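Only one structure is covered here, and it is reproduced in the block below.
The values are calculated or read from the model by the stated rules, or taken from the named source; none is laboratory data. Since we're looking at a predicted model, the values are computed, not measured. Every residue, glycine among them, receives a Cβ derived from its backbone with ideal geometry; neighbour counts consider all protein chains shown.
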Amino acid sequence: MEEVYGLIGDPVEHSLSPVMHNAAFSVLGMEARYHAFRVEGAEVGDAVRGAAALGIGGLNVTIPHKRSVMDHCDSLSDDAEVIGAVNTLEFDGGVTGHNTDVEGVRLALEREVGDLSGTRALVLGAGGAARAVVVALAREGCEVTVLNRTVEKAADLAELARGLGAEADHGGLDERSRAGEFDLVINTTSVGMESDETLLEAGDIEGASYVFDAVYRPLETRLLREAVEAGATPVDGLGMLVLQGAESLRIWTDREPPVGEMERAARKALG
Ligand code: NAP
């Protein structure tokens with residue numbers, strides 16, 4: 001019988017998850033299908049209980065339910081607990097909430113940058129993506145500076161990094177022209193998403209080695225073009241997206257995810 005996996009969120013229409021997971025099932029020879037389900041806030045608990053009752057193989061969770069779904073989990077992984085958000089549900093008799101964004105960004109940075117220990121990293125933004133990025137950087141032994149429009153959120157995130165043993169600092173976006181003083185610059189704000197805006201120009205970036213943009217729509221953001229002009233290596237957000245999906249698949253199936261095929265499918269869908 002065909003197994004069913006899926007995503008709950010609102011909206012879900014433009015998600016790349018169905019494309020990349022269905023590509024993976026096909027490569028793995030699994031009789032399985034991944035669907036995107038639009039679920040409103042008040043229905044999250046019913047959706048989770050219903051999925052468990054129906055024998056759904058596993059679910060991803062996206063905005064705006066990543067925090068509220070925690071109330072419907074029986075247990076949480078360490079990463080979900082630290083981040084305070086869940087993006088993957090495992091139905092294992094109960095409901096376990098995981099957060100694979102941390103491992104996704106860790107693997108993406110390891111792949112593109114290599115060993116991160118001792119790296120001076122600048123993170124722009126302090127929302128959901130930033131939390132995963134900062135936890136991954138702190139665990140890898142980076143020195144982390146978080147700058148955000150809402151400075152209090154940057155302060156909270158720097159505190160989280162210190163709690164994980166990292167040296168961490170914070171500030172407002174008015175300090176962003178210091179980007180060139182860092183080895184690795186990461187944009188986790190939504191600036192540049194479906195627009196040609198950037199928080200940093202080439203002159204701000206000069207001196208940095210890598211610029212990673214978590215935004216993946218478009219793949220080549222203006223920030224990444226500015227990075228190339230500044231002589232830095234650009235890293236797009238697709239690797240993080242695909243690798244977090246691959247980690248979800250590993251949790252659900254215990255099988256080695258075909259990352260290359262998943263990435264090719266997602267890149268093709270982005271056009
Ligand atoms: P979020 O929780 O809503 O956080 C948004 C962040 O962007 C906040 O720090 C916010 O600052 C900042 N921001 C928004 N508009 C801004 C503006 N005009 N000027 C300056 N700062 C602004 O969103 P998220 O879930 O972290 O997602 C952020 C981006 O990362 C999105 O483009 C998303 O697609 C991408 N993302 C990528 C991946 C991946 O796997 N590659 C994963 C998750 C997210 P305030 O705190 O001041 O509001």
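Residues in the stretch 225-239: is at least one within 14 Å of the ligand (Cβ to nearest atom) and in a loop (DSSP other than H, G, I, E, B)?
Within the stretch 225-239, one or more residues are within 14 Å of the ligand (Cβ to nearest atom) and in a loop (DSSP other than H, G, I, E, B).
Would you please name the residue that is surrounded by the fewest Cβ atoms within 10 Å (Cβ to Cβ), looking only at residues in the stretch 200-220 that are part of a loop (DSSP other than H, G, I, E, B) and touching a Ser or Thr at 6+ places or on another chain (Cβ under 7 Å)? Walk me through it before giving the result.
So in the stretch 200-220, the residues part of a loop (DSSP other than H, G, I, E, B) come out as 200-201, 207, 209, 214-220.
Right, trim to touching a Ser or Thr at 6+ places or on another chain (Cβ under 7 Å) and you get 209, 214-215.
Values: Ser209: 15, Ala214: 29, Val215: 22.
Within the stretch 200-220, the match that is surrounded by the fewest Cβ atoms within 10 Å (Cβ to Cβ) is Ser209.
From the set of residues in the stretch 181-220 that are away from the ligand (no atom under 15 Å from the Cβ) and among the aliphatic types (A, V, I, L, M), which is farthest from Leu122 (Cα to Cα)?
Ala202
If Glu201 meets every condition in (1) at pLDDT below 95; (2) at negative phi apart from one, which number is that one?
Only one criterion in (1) at pLDDT below 95; (2) at negative phi is unmet by Glu201, namely (1).
Just give me the residues in the stretch 141-170 being closer than 15 Å to Thr188 by Cα and either touching a Leu at 6+ places or on another chain (Cβ under 8 Å) or outside any helix (DSSP H, G or I) (or both), in sequence order.
Within the stretch 141-170, the subset closer than 15 Å to Thr188 by Cα is 144-151, 153-154, 157-158, 170.
Across the stretch 141-170, the qualifying residues are Val144, Thr145, Val146, Leu147, Asn148, Arg149, Thr150, Ala154, His170.
One residue is enough: does the stretch 245-259 have a residue meeting the conditions within 15 Å of Glu112 (Cβ to Cβ) and without any contact (Cβ under 8 Å) to a residue 24 or more places away in the chain? Give the steps one after another, and end with the answer.
Taking the stretch 245-259 as the starting set, the residues that turn out to be within 15 Å of Glu112 (Cβ to Cβ) are 259.
Filter once more, keeping what is without any contact (Cβ under 8 Å) to a residue 24 or more places away in the chain: 259.
Checked the stretch 245-259: at least one residue is within 15 Å of Glu112 (Cβ to Cβ) and without any contact (Cβ under 8 Å) to a residue 24 or more places away in the chain.
Only one residue in Ala136, Ala130 is in a helix (DSSP H, G or I) and either within 10 Å of the ligand (Cβ to nearest atom) or more than 20 Å from Gly237 (Cα to Cα) (or both), so which one is that? Walk me through how you get there before you give the answer.
Values: Ala136 fails: either within 10 Å of the ligand (Cβ to nearest atom) or more than 20 Å from Gly237 (Cα to Cα) (or both).
Being in a helix (DSSP H, G or I) and either within 10 Å of the ligand (Cβ to nearest atom) or more than 20 Å from Gly237 (Cα to Cα) (or both) holds for just one of Ala136, Ala130, which is Ala130.
Would you please name the residue that is farthest from the chain's Cα centre (by Cα), looking only at residues in the stretch 27-54 that are surrounded by fewer than 20 Cβ atoms within 10 Å (Cβ to Cβ) and in contact (Cβ under 8 Å) with a residue 40 or more places away in the chain?
Once the filter is applied, the top-ranked residue is Leu54.
Within the stretch 66-73, identify whether any single residue is out of contact with any strand residue (DSSP E or B) (no Cβ under 8 Å at 6 or more places or on another chain) and polar (S, T, N, Q), and answer yes or no. Walk me through how you get there before you give the answer.
Residues of the stretch 66-73 that are out of contact with any strand residue (DSSP E or B) (no Cβ under 8 Å at 6 or more places or on another chain), as a first pass: 66-68, 71.
Within this subset, residues satisfying the condition of being polar (S, T, N, Q) are 68.
Within the stretch 66-73, one or more residues are out of contact with any strand residue (DSSP E or B) (no Cβ under 8 Å at 6 or more places or on another chain) and polar (S, T, N, Q).
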